[in-house]
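Heads up: the structure comes next, in structure tokens.
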Amino acid sequence: MQHFTNSESAEVALVLSNKPDAYVLERAKKFDVPTLVLDRDTFKNSKDIVDRLKAENISLIVLAGFLWLIPAQMVKAFPNRIVNIHPALLPKYGGKGMYGMKVHQAVKDAGEKETGITIHYVNEHYDEGQIIHQAKCEVVAQDSPDDIAQKIHLLEHKHFPRVIAEVI
């Protein structure tokens, strides 16, 4: 939201969350961005969300920390217009259940020498959409999963807004 505050090419028009206490909802209020809290059943089984997004003239959906599988009807309604960020270099360490510290622990356990982020389009499967951008960082033997998470966080902040602007 901060990145696009004064942008002439894009605006954050709506923030959706499945967690009513998510901090992003408070942050959205500070930026005067409308919010909507979703329940799983409505999200998965209703076209109400797709209809709302279309009514708001949403042209790009950006996922950040959203863990639910995107329903096929939404993917179909917004082909190559839903973008996600994953905290690993896909196709490694992706798929259902691979998020947050679980990814960083898996990278550590595997003894990887590098990891990174993957920004990708969303399809009907977890973490299998076309890759838009990857950025890497070194992993050293002394790194804990928390250390890896900090490195990933830096990559996310550096690359995600810029890549979203390029996609737009």
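All of the numbers you see were taken from the coordinates with simple rules; none came from a lab. Not measured: the values here are computed from a predicted model. So basically every Cβ, Gly included, is an ideal-geometry build from the backbone, and we count neighbours across all protein chains shown.
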remark   = For region 40-126 the mean separation of alpha carbon contacts under 8 Å (6+ apart) over residue count, i.e. relative contact order in percent, is 33 percent
note = Across Phe66, Phe43, Phe31, the residue with the highest GNM fluctuation in the chain (Cα network, 10 Å cutoff) is Phe31
ask   = What is the set of long-range amide H partners of Leu89 at a cut-off below 5 Å, with H atoms built 1.01 Å from backbone N?
value = Gly116
task = Could you compute the FRET efficiency for Lys113 and Ala165, with r as their C-beta to C-beta distance and R0 at 30 Å, rounded to 0.05?
result = 0.45
task = For region 11-18, take each phi angle, set θ = phi - 60°, evaluate the Karplus expression 6.51 cos²θ - 1.76 cosθ + 1.60, and give the result in whole Hz per residue in order, putting x for glycine and proline.
result = 9, 7, 9, 6, 10, 10, 9, 9
inquiry  = For the pair Asp21/Leu67, report the inter-label distance in nm, with labels modelled 7 Å from Cα in the Cβ direction.
reply    = 1.5 nm
key: Only Lys, Arg (+1) and Asp, Glu (-1) charged, at Cβ; the chain dipole about Cα centre in debye   = 200 debye
ask   = With N residues in region 15-167, what two-decimal value do you get for its Cα radius of gyration over 2.2 N^0.38 Å?
value = 1.08
query = Given the options Gln105, Gln130, Gln142, which has the most mean-square fluctuation in a GNM of the chain, springs set between C-alpha atoms less than 10 angstrom apart?
reply = Gln142
note = The set of residues whose placed amide H lies less than 5 Å from the amide H of Ala22, leaving out same-chain residues fewer than 5 positions away, is none
ask   = Near Glu114, within a Cβ-to-Cβ distance under 12 Å, what is the net charge of the other residues, with Lys and Arg +1 and Asp and Glu -1?
value = +1
request  = Specify which residue in the list Met1, Gly100, Ala55 is farthest towards the positive end of the charge dipole of the chain, using unit charges on the beta carbon of Lys, Arg (+1) and Asp, Glu (-1), about the Cα centre.
outcome  = Ala55
request  = Would you mind calculating the relative contact order of region 15-167 from Cα pairs under 8 angstrom and at least 6 residues apart, reporting the percent as a whole number?
outcome  = 17 percent
remark   = Note on region 52-105: alpha-carbon gyration tensor, axes a ≥ b ≥ c; rule is a/c under 1.5 for rounded, else prolate if a/b larger than b/c, else oblate; result prolate
request  = Could you tally the net charge around Lys96, taking each other residue with its Cβ under 13 Å from the Cβ of Lys96, Lys/Arg +1 and Asp/Glu -1?
outcome  = -2
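Can you compute the FRET efficiency between Asn80 and Thr35 using 1/(1 + (r/R0)^6), with r the Cβ-Cβ distance and R0 = 30 Å? Round to the nearest 0.05.
For Asn80 and Thr35, the calculated efficiency is 0.75.
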remark   = Once phi for every residue in region 115-120 is put through the Karplus expression 6.51 cos²θ - 1.76 cosθ + 1.60 (θ = phi - 60°), the whole-Hz ³J(HN,Hα) values, with Gly and Pro written as x, are 8, x, 10, 10, 9, 8
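So, R0 is 22 Å and r is the distance between the beta-carbons of Gln2 and Ser59; what FRET efficiency does that work out to, to 0.05? Before the final figure, lay out each step's value.
Working: r = 20 Å, r/R0 = 0.91.
Efficiency computed from Cβ-Cβ geometry: 0.65.
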request  = Filter the DSSP H helices in the chain by two things, a Kyte-Doolittle mean of at least -0.5 and an axial alpha-carbon span of 27 angstrom or more, and list the hits by number.
outcome  = 145-167
query = Among Ala72, Ala28, Ala55, whose mean-square fluctuation peaks in a Gaussian network model of the chain (Cα, cutoff 10 Å)?
reply = Ala55
